[in-house]
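The values are calculated or read from the model by the stated rules, or taken from the named source; none is laboratory data. Keep in mind that what you see is a predicted model, and the values were worked out from it rather than measured.
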Amino acid sequence: MHAITYESDLTRLLRRVVESNPAIEESQRRGRAMFWDRRVDWDLERRKAESERPMLPYEYAPGFPQASAKMAEHPELPANE
């Protein structure tokens, strides 16, 4: 007895597209190699991490000194108390 497996319309469409244009698979391989299959420069990654500044709180959030200064710079904005 054979098991009946479900295959979605999208899966069937993608199979037909790939069958009608076999160059798609090679294009996918090239794209993957370009963006993912690369050597990681760990020294560069370390330097980038060391040079990052800490993220400041949202500038206009009430209760933060940066927010008070920003609100003073922009009197047209409503005050958040």
Next on the checklist: Suppose the filter is among the polar types (S, T, N, Q) and modelled with pLDDT of 70 or more; does Ser8 pass it?
Outcome noted: yes
Checklist entry - Which of the residues that make up the stretch 17-38 are under 20 Å from the mean Cα position of the chain (by Cα) and either modelled with pLDDT of 95 or more or not in a helix (DSSP H, G or I) (or both)? => result Trp36, Asp37, Arg38
